Amino acid sequence: MSRIVCVNGEYLDEAEARISVFDRGFLFADAVYEVTAVLDGRLVDFPAHLARLHRSLDALRLPAPATDEEITAIHRELVARNALVEGLIYLQISRGAADRDFLFPSEPRPSLVAFTQARPLVETEAARKGIGIVTLPDLRWARRDIKTVQLLAPSLTRMQARESGADDAWMVEHGFVTEGTSSNAWIVRADGRIITRDLSPSILHGITRSAVLACAREAGLTIEERPFTPEEAREAAEAFVTAASAFVTPVVAIDGTVIGDGTPGPVTTRLREIYVAESRRRAI
Ligand code: PMP
């Protein structure tokens, strides 16, 4: 079924939508993006996605081509026009078209593209059974806190994980796990403490990470925000990933080592339930 997508404020059939071959998103990955979950036709954690979008735009000195109200309206319009009940909305803002030059154009005309992806987010096989991950080197640049469309390194890494029989990879730098290829990484120790890496330019500041941290604190769970090694992860009682596209998804094998009894653990299951319920409640 053909989708209606948004290009610079125009709503077009996906087959008709066009962007310039000179667009700097295409030539330099000079673009930032956000992926927002949709549940019950409503936007999950949307104010936080807008705030991070501004953080990414500011970091790249990229002017926003639309106001927050307009960006929100685009998301709502895409939900309505595509009758989206559950799935994702992808938003990309690039520095726009300019003759190819490493220097930024002096008068940028940023382009905005947005589209929907309908897919189940709550009832998924990954949530029911958990996923297996392998640890692989982190090949990315130093500013992973900026959500740019430079996704070739995580894409290659995910491919390598799949080819080795795993579902995904956790990336490792200087002996410590940074994050998943498109998710934040978490472990639960046998003593119940929940560990996830602290915020820095080494990782994306996940919106789901921050919402799940709030849920965990609210539930009285003990959290440590610090780096952990692949070895500590393999010895954990539970492990999981968080992302707008995955919510809280259990990890049941790391580098071939079974985590816990090989099924989603109780802390992970509880956090997923709390996060999904809270997201449905707060979605706009
Ligand atoms: N880390 C990376 C590298 C990601 O690509 C993503 C998802 N885009 C995340 C973490 C999770 O972020 P969020 O919860 O905002 O989707």
Identify all residues within the stretch 71-96 that are in contact with a Phe, Trp or Tyr (Cβ under 8 Å, 6 or more places away or on another chain) and either surrounded by 22 or more Cβ atoms within 10 Å (Cβ to Cβ) or of a type outside the set (S, T, N, Q) (or both); write none if there are none. 75, 77, 78, 81, 89, 90, 91, 93, 94, 95
Which of the residues that make up the stretch 242-257 are among the β-branched types (Val, Ile, Thr) and near the ligand (Cβ under 8 Å from one of its atoms)? 242
I need a count of the residues in the stretch 1-50 that are of a type in the set (Gly, Ala, Ser), buried (at least 22 other Cβ atoms within 10 Å of the Cβ) and under 24 Å from residue 122 (Cβ atoms). 1
Pick from 188, 177: which is hydrophobic (A, V, I, L, M, F, W, C), crowded, with 18+ Cβ neighbours inside 10 Å and more than 17 Å from residue 141 (Cα to Cα)? 188
Listed residues 202, 155, 182; which is near the ligand (Cβ under 10 Å from one of its atoms), open to solvent by 10 Å² or more (accessible area, probe 1.4 Å) and either under 12 Å from the mean Cα position of the chain (by Cα) or within 25 Å of residue 53 (Cα to Cα) (or both)? 182
Segments classed as strands (runs of 3 or more DSSP E), wholly inside the stretch 1-86, with at least 2 members that are over 15 Å from residue 116 (Cα atoms): 31-39
Among 235, 224, the single one that is open to solvent by 30 Å² or more (accessible area, probe 1.4 Å), within 17 Å of residue 184 (Cα to Cα), touching a Lys or Arg at 6+ places or on another chain (Cβ under 9 Å) and away from the ligand (no atom under 16 Å from the Cβ) is 224
Considering every residue within the stretch 114-123, establish whether at least one is within 30 Å of residue 258 (Cα to Cα) and either open to solvent by less than 40 Å² (accessible area, probe 1.4 Å) or at pLDDT below 95 (or both). yes
Looking at the stretch 243-272, which of its residues are over 23 Å from residue 162 (Cα atoms) and under 19 Å from the mean Cα position of the chain (by Cα)? 268, 271, 272
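The values are calculated or read from the model by the stated rules, or taken from the named source; none is laboratory data. Remember, it's a predicted structure, so these values are computed and weren't measured experimentally. Note that we place each Cβ from the backbone using ideal geometry, even for glycine, and neighbour counts take in every protein chain shown. Please note that ligands, DNA and RNA were not included when accessible areas were found on the heavy atoms of the full protein model with its side chains. Shrake-Rupley method; radii C 1.70, N 1.55, O 1.52, S 1.80 Å.
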